[in-house]
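One structure is given below, encoded as structure tokens.
None of the figures in this text is laboratory data; all of them are computed from the coordinates on show. Note that the structure is a prediction, hence the values are computed from the model and not measured. So basically every Cβ, Gly included, is an ideal-geometry build from the backbone, and we count neighbours across all protein chains shown.
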Amino acid sequence: MELDHEFTVPVPIDHAWAVLLDVERVAPCMPGATLDSIDGDEFTGRLKVKLGAMTITYKGAARIASKDEASHTVTMEGTGKESRGAGTASATVQAQLHDEGDTTRVTVHTKLNVTGRPAQFGRNILSEVGGKLIGRFADGLHEEIQRGQVGPEQAPAAGPEQPAPTSTQVSPATDGDHPTAPRTEGAAAKTAGAATTDGPGRTSPAHQRREQRPTADAIDLLEVAGPAVAKRAAPVAAGFIAVFTIWRVFRRRRGRHR
Amino acid sequence: MTTAPEIGSSRKRSEDARLITGKTQWTDNIQLPGMCYVAFLRSPHAHARITNIDVSPAKGRTGVIAAFAGQDFADEQGALPCAWPVTEDMVHPDYLPLAINEVRFVGEPVAIVVARDRYAAADALEAIEVDYEPLPPVLDMEEALKEGADLVHGDKGTNKTYTWVFEQGDNEAAWRDAPVVIERRYIQQRLIPSAMEPRAVVVAPVGDEYTMWSATQVPHILRTVLSVITAIPEQKIRVIAPDVGGGFGSKIGVTAEEVVLMLAARRLGRPLKWTESRSEGNLTVHHGRDQIQDIAIAADRDGKLRGLRVKLLADMGAYLRLVGPGVPLLGAFMYNAIYKMDALSFTCSGVFTNKTPTDAYRGAGRPEATYAIERLMDELAVELNLDPIEVRRRNWIKHEEFPYTTIAGLTYDSGNYEAATEKALQAFEYDKLRAEQADRRERGDPVQLGIGISTYTEMCGIAPSRVLGQLNFGGGGWEHASVRMLATGKVEAVIGTSPHGQGHDTTMAQIIADKLGVPWEDVKVLHGDTATSHKGLDTYGSRSLAIGGVAVVNACDKVLEKAKRAAAHLMEASEQDIEFANGAFSVRGVAESSLPIQDVAFAVNLAHNLPDGMEPSLDSDATFDPENFSYPHGTHLCAVDVDTETGFVKIRKYVAVDDVGKVINPLIVDGQVHGGLAQGIAQALYEEGVYDADGNLTTTTLADYLVPSAPDLPTFHTDRTETPATTNPLGVKGVGEAGTIASTPAVVGAVVDALRPLGINDVRMPCTPERVWQAIKDARGGAS
């Protein structure tokens, strides 16, 4: 399935470009995503989605497959496997920045392949859900880039100056009934190292973002998909009403015979 | 004392109390000491190479006692059978019960976990590690046949399994200078049989012997095939089909799950159970239909048919199932339907795709054929500006022409298409509705009325063994029954057919009650257990009554013959002077002489005083192998309201007049017609198995695969004409599939008829509001 999104951010292209290449800042734009480790242009993490009664956690890896400063295009590839189940998900996301003076237009083209239970969930639901998911990612990216207008040079830099508060750093990666192990020490340290500028007392864009977006919460895809799923529930409700009506009519008829 | 005949009486079904309340033995409620539960890990990919599989992490999970991958059974699992190699050179890839190197459809099993309870087994599946290397999926039949296409079976070099050609008459002459030629393409969407009871299997090993309970239609076939696959001697396998909650063809296979449970039970030496979930079932129960039909007719200007040309692509899915390749062939002989013509040309190619394998689904080949020809007769009527009934009338076999050998080479023994059609037209108020339709068209009513017609026939009672042999089918078509009168005068009948909702307990008892002159309540019908029913060929293809019922009659006749000899002996009279009526023997001309058959049974059971050479016990075995199929027919008329603004289709009136020959139990026949109509209408309006572009089945739940329920269906007006079959002593024809075969074209024909003024001549099934709306939009867009 292929999806296209487009949005505009009120920052010049160079600023936007710097944000786009910062995995640490971009990855959490994906709702439900948790970063586990970063190693150069490759990173591992988890993506938790909720589909009705199903909560699915994908564990996987992603990498920046290519970045071309001249055309301001970056391509990210990710693959994931359900941590409880046989399903897989993979995506290729290509984001391109278009210089429009003081603003930058961002186009995002996504190729998404999903197998397993969510893929079998229902006709059209997946594309709708995928669309919404990417839409939210684009929104997040939009916000992130807007924050980025303070300038990339002021954006978080590496350096473990202050330890980060664990409440925001070690994400509470539980999916309700099945606790998932928190990220490994090494990965945590690495991530912490990469992101510790947002310590207490300092206000940084990343910190604000973390405060506002509890990234590891599962995103409820049915909630995201909204009306489409409500439509599906309607026949069930109608069925109940019909049965009830028949029962009442039947009862009344019987009553009359008596 | 004479009692009212049982045959023809609307007996309420004796099995229904237990079936409706569920207080009976289903496979899933069997509990055995030490029983463990099996869960299957299934491929999430439509097509992938398995690069690594490790089941060992699952073994450490709580409650798990074993886990196996395909490799663990590599030497013993054999391959799942296809019993119908339709051509000599049919491409027939191995269909492994558990995939080893490659998976070819979403849902194909790759490993199992055996655990102490169902939930532990299901939970432990996640611990199995499988690495897949995805391969390009083949999903479109026409693409699959192109040069250089990706292959479902790489080593076979082609996605085509066979091409079967059937030519009758002088096709060249029929098409040469034909004044009218109409060509159409129809799509038979993929359907998922949705039996109320999912599949379930229990295997209990005792020593080197095995008892399998399975929610199957075919315990006898299953036993034989299991023996061949596993090399367990047939006498050491007992298969039991306890009460089974529906099948519609979906339970005629010999499935991966059955074979794997057998192997795992043998390996572990303990009883195992598996019950599928609904979603698992939608993925892995074989699917039905899924054909592309290119069909053309040549006719004269007066509407007389000259020739019919059919080119089919039939989607086999990833592998060949038990009778999958033969399903389109069952339709091959039915494209000409009730019509006379000079030539028939039929070509069918079976195609592999990375989808769930297909096989027989209620009607199997015949609904597809009936749909295509009936739709095309409507097109011919439009072309010639004739009433569609009139076009049919000009071509159908007249009642005085029976027996009639059709262009396909079948001899229809009996029928009366005029009578059934006349009865249907009257009940439907055809002329009145046509007048209303004209009026609404005139007024430009946004809700248009459409009328659909199906004057169908089908071949039932599958089948004459000889004919099956000619078609290269790997099985026979006879049926068996044994009838015994117990010492107390009660009757047990053992039948070789295996009911799963059809009401054999009731119907067969009615036949026996009449034949032996005993109360219906005194007859017990046994079936479905290879230890009690030692021979039989099970239930499918509307064969149980037309073949199995006749075996019952034959067995009763043998019982009576023996009883008569014994009665003559006991009454000290000559056998020629013995008469039998109302359950008692008497000596002709001796008014007071009367010996109830029950007394004869008691005496024969005692064996104190038997005629020379007679064996004790009043019992008999009989089989029946028909000479010919039976040919039910009928006329179905459907009126629909189509809302041209929303695309919503509402069935307003449905009249079904069926001729299924003699009727044993009218209530059961009506029930079969109702259920068949529901399934045929479902294909027309609701159901479709949908795959996405990656080969994921996206209709795995009943929220997405729309099986209609009572509120979705109209009130059916059913009626009958009765032209007895001449090919069996009961005069019966079979009714299990008639409703499904007849109704789909009637409904779609009605939808198209409503939209005809807009220039629409087809709406793809299922005719959902969206599709109808789109067709209207496209038609209007094109016009403006």
If the chain between B:E615 and B:L268 were fully extended at 0.36 nm per residue, the gain over the current Cα-Cα distance would be 120.4 nm
Return the sequence-ordered ³J(HN,Hα) values of the range B:12-24 in whole Hz as given by the Karplus equation 6.51 cos²θ - 1.76 cosθ + 1.60 applied to θ = phi - 60°, using x for Gly and Pro. 6, 5, 5, 7, 5, 4, 6, 6, 6, 7, x, 8, 7
Compactness of the range B:672-746, expressed as Rg and Dmax over alpha-carbon positions, Å: 16.7, 54
When only alpha-carbon atoms count, how far does the range B:639-713 stretch along each of its three principal axes, as whole angstroms with the largest first? 50, 32, 19
Env charge @ B:I232, Cβ radius under 15 Å, K,R +1 / D,E -1, value -1
If Rh is defined by the Kirkwood formula over all Cα pairs and Rg also comes from Cα, what ratio Rg/Rh do you get for the range B:567-643? 1.41
At 222 nm, what helix-only mean residue ellipticity would chain B give, in deg cm²/dmol to the nearest 500, using -39500 (n - 2.57) for each DSSP H run of four or more? -8500 deg cm²/dmol
Note: the range B:131-241, point scatterers on Cα, Debye, no solvent; log10 I/I(0) at q = 0.10, 0.21 Å⁻¹ equals -0.70, -1.07
Here the range A:1-151 gives, from Cα atoms, an Rg and Dmax in Å of 15.4, 48
How large is the charge dipole for the protein assembly as shown, taken about the Cα centre, if only the Cβ atoms of Lys, Arg (+1) and Asp, Glu (-1) carry charge, to the nearest 20 debye? 2500 debye
Pop the C-beta distance of B:D131 and B:L702 into the FRET formula with R0 = 35 Å and round what comes out to the nearest 0.05. 0.60
Cα-projected label distance for B:S56 with B:T24, points at 7 Å along beta-carbon direction, nm: 4.8 nm
For the range B:380-529, which semi-axes, largest first and in whole Å, follow from the square roots of 5 times the eigenvalues of its Cα gyration tensor? 45, 23, 15
Please name which of B:P193, B:T623, B:G363 has its Cα lying farthest along the dipole of chain B towards the positive end, using unit charges on Cβ (Lys, Arg +1; Asp, Glu -1) and the Cα centre as origin. B:P193
Viscosity 1.567 mPa s, 4 °C: Kirkwood-radius Stokes-Einstein D of the range B:25-143 over Cα pairs, µm²/s: 81 µm²/s
If each Cα of chain B is one equal point scatterer, what is log10 of I(q)/I(0) from the Debye formula at q = 0.10 Å⁻¹? -1.05
For the range B:478-624, count all C-alpha to C-alpha pairs, find those more than 18 Å apart, and express that count as a whole percent of the total. 54 percent
Suppose a student asked you for the relative contact order of chain B, using Cα pairs under 8 Å spaced at least 6 residues apart; what percent would you report? 15 percent
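R0 = 35 Å: FRET efficiency of B:I7 with B:S709, Cβ-based, nearest 0.05?
Working from the Cβ atoms, E equals 0.60.
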Obtain the nm distance between the two label points defined at B:N761 and B:E390 by a simple spin-label model: each point lies 7 Å from its Cα along the Cα-to-C-beta direction. 1.9 nm
Ratio of Rg to Rh over the protein assembly as shown (Cα coordinates, Kirkwood Rh, two decimals): 1.04
Describe numerically, in nm with one decimal, the distance between label points set 7 Å from Cα along Cα→Cβ at B:A581 and at B:D294. 6.6 nm
In this structure, the FRET efficiency calculated for B:Q470 and B:T163 from their beta-carbon separation, with R0 = 25 Å, to the nearest 0.05, is 0.85
From the P(r) of the range B:337-437, can you give the percent of Cα pairs sitting at distances over 19 Å? 59 percent
